[in-house]
Amino acid sequence: MRIRTLCLLAAISAAPLQALAQVTLEPNANSVISLEASKTGMTRIAFNDDRANSVQKIAEGHPEGDFSATKDPATGDLYIVIGEEAQQNLSFFVSTDAGRTYQVMMRVRDVPTLQVSIAAPEASKEEVEEYLAATNNGRDQVERPGRDTQVSDLASVLIKAMYSGARIDGFKTRRFRKLDWLVGPLAAQGFSQRGVIEWSGNGASGYAITVRNERAEPQKVNFGRLAVFNVVAATGDQEEIARRKTAQVFLIVKGAE
């Protein structure tokens, strides 16, 4: 099984991606993803604006030979290889960097190597309202004086999208390792950047930034000290962050496309 996995990984890296069948799926209301898996090839599962973090297999039939799930450390994608003794229906749980957990239901079919893209689900109305209520008190959200209503409304839409991982018509998403202009303001507070997702469009950009506390003692993010350059709003996780633990920061930048 190990030799077959390594051989397939080598083969997939050398093959043009355009030659592979590709589908985009959306999780259902119960965070269940149903898909077909290649019996003789490989199935690649990518998460839009997210990365696989850990996989928990559900023992079915021959748990050591049913399938393997290998995570690409560079992209966070999963590569599924089906074992020779696997049953026709398999499943596993996968947790992502964004904190989501999905149950993946696989139907093993004699189909070529597949690429499956998992669309980011939209947060429920209750989740968004609960989050905004928690981040709109006191200094939880910092806004620069003199913002017009249009910018304020756009910032609200972007914050909701970044919190839920949702897509917005007219906005493009990109990933960065870090924002150079934010290194100093974060480092002054003892934080480092561990990854950035950008939503850009309509004359503004939103940044969902994963930060890590590099100091020995727990501390909170001072969002007021992040309102630099064209940042018009800053918010995020409000609790103290322990040493080497991460949290989310959301910034809205005007005219940053």
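Each row is one residue, and each column tells you yes or no for (1) among the aliphatic types (A, V, I, L, M); (2) touching a helix residue (DSSP H, G or I) at 6+ places or on another chain (Cβ under 9 Å); (3) open to solvent by less than 80 Å² (accessible area, probe 1.4 Å); (4) touching a residue at least 24 places away in the same chain (Cβ under 8 Å).
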| position | (1), (2), (3), (4) |
| --- | --- |
| 155 | yes, no, yes, yes |
| 163 | no, yes, no, yes |
| 172 | no, no, no, yes |
| 187 | yes, no, yes, no |
| 206 | no, yes, yes, yes |
| 229 | no, yes, no, yes |
| 235 | no, yes, yes, yes |
| 241 | yes, no, yes, yes |
| 248 | no, yes, yes, yes |
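Quick check on segment 205-252: of everything there that is within 22 Å of the chain's Cα centre (by Cα) and at positive phi, which residue is modelled with the lowest pLDDT?
Per the criteria, the residue is 236.
The values are calculated or read from the model by the stated rules, or taken from the named source; none is laboratory data. Just so you know, these numbers come straight off a predicted model, no measurement behind them. Neighbour counts are summed over all protein chains in view; Cβ atoms, including those assigned to glycine, are modelled from backbone coordinates with ideal geometry. Quick note on the areas: whole protein, heavy atoms, side chains included, nothing else; ligands and nucleic acids left out. Shrake-Rupley method; radii C 1.70, N 1.55, O 1.52, S 1.80 Å.
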